[in-house]
1. With +1 on each Lys and Arg Cβ and -1 on each Asp and Glu Cβ, and nothing else charged, work out how big the dipole of the chain is about its Cα centre, in Debye to the nearest 20.
2. Under the Karplus relation 6.51 cos²θ - 1.76 cosθ + 1.60, θ = phi - 60°, what is the ordered set of whole-Hz ³J(HN,Hα) values for region 226-233, x standing for Gly and Pro?
3. To the nearest 10 degrees, how steep is helix 90-101 against the longest Cα principal axis of the chain, on a 0 to 90 scale?
4. Explain nothing, just the number: relative contact order of the chain, from Cα pairs under 8 Å at least 6 residues apart, as a whole percent.
5. Over region 71-158, how many percent of alpha carbon pairs lie in each 5 Å bin up to the one with the longest distance?
6. If the viscosity is 1.002 mPa s and the temperature 20 °C, what Stokes-Einstein diffusion coefficient in µm²/s follows for region 1-124 when Rh is the Kirkwood radius over Cα pairs?
7. When each pair of different Cα atoms in region 213-309 is counted once in the 1/r mean, what is the Kirkwood radius in angstroms, to one decimal?
8. With contacts defined as alpha carbon pairs under 8 Å and 6 or more residues apart, what's the relative contact order of region 213-309 in percent?
Amino acid sequence: MVEHQIKFIDRRDGLIEVAGWLDRATAFALDIETINWWNREAERVSLLQFALRMDTGPVVLMVDALSGIDLEALRRPLELGMQIKAIHNAGFDAVKLMRHYGIATSPIHDTMLAARRSGEKRCSLKAQAETHLGITLDKGEQRGDWARRPLSAQQLSYAALDALCTLLLYEKQAALGLAGDYQLKPHVQREAANMPEIVSIERSDALPAEPSRLMSGSELTSLGSALLGIVNELDGRYSPEQLAASVGSERIGLAGWLVDRYVGSDVDVDEGSAREEIELLCCRGFVQLSESRRLEVTEEGRQTYHSFKS
């Protein structure tokens, strides 16, 4: 394990200090934790984690986004700073920052995208950390309550290690000359500027492309097909957090078979990619949340699934 410090920030003076550290860094990694991410209206950013190198060694700065502090101070280093911002699956984290704060993070090196472009199939952060860093990430806290305060020591450790591993992966990829350049799509920036809503959701290049499946004028990806199938066949079993976490780590039973069938048995699934697809399924009205916070398929979702299943 790489030794690192953790600094937790929930006050404005601390945030100003964070902005200064980021301005002076040559590169830093960014990761976020969200709550209610499957519902655009209820979704909130809970925590922002920045990993960077200081004179004392690696440091992870953790900013409490639910503390009420104005995050505008982060705009300069995230938007205008020329240092690389390393993100694992920028199609999730960078889009959330744009959607909630209007911050267009740039320039971005997407470590998941770089791994995929290099020909790797196991591109989730967990798989990449094990393969290239020799670090085993415990993803148990993926299902934790990120709205609670104070956050537990386990939650802080989990969040810090994700950001740290992203930084270490970026450094290795940069040394190898791997390309992970990523830019926000125009529709994401229009949406953040309160222009007419465009329902399509930013997707990273997380999974191999397949022939498009058109449904109600929109595309359902291989992962989206698998997730819709799981909710249809196992109606009411999973909460959104459980489903997003389980498809990447529990490829067993019917759920595992569906993921293998649509995505491929040799391709792993990143949790952020699963969240994107679950959010899209909810947004399009194919699945919904029950009173017990379990995912249920709607009639439209059931018909859609059976239309391409048959």
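1. Details: 35 positive and 46 negative charges, 36 e Å.
In debye, rounded to 20, the chain gives about 180.
2. Each residue's phi maps through the Karplus curve to give 5, 5, 5, x, 5, 5, 5, 7 Hz.
3. Roughly 70 degrees, rounded to the nearest 10.
4. Details: 523 pairs, mean separation 55.5, N = 310.
Reported relative contact order: 18 percent.
5. 3, 12, 16, 18, 20, 20, 11, 1, 0
6. On the way: Rh = 15.1 Å.
Translational D for this selection: 142 µm²/s.
7. Working: mean 1/r = 0.0769 Å⁻¹.
Computed over region 213-309, the radius equals 13.0 Å.
8. Values: 114 pairs, mean separation 35.4, N = 97.
Dividing the mean separation by the residue count of region 213-309 yields 36 percent.
Laboratory data are not the source of any read-out in this text; all were calculated from the coordinates shown. Bear in mind the structure is a predicted one, so any value in this text is a computation, not a measurement. As a convention, Cβ positions derive from the backbone with ideal geometry for all residues, glycine included, and neighbour counts pool all protein chains shown.
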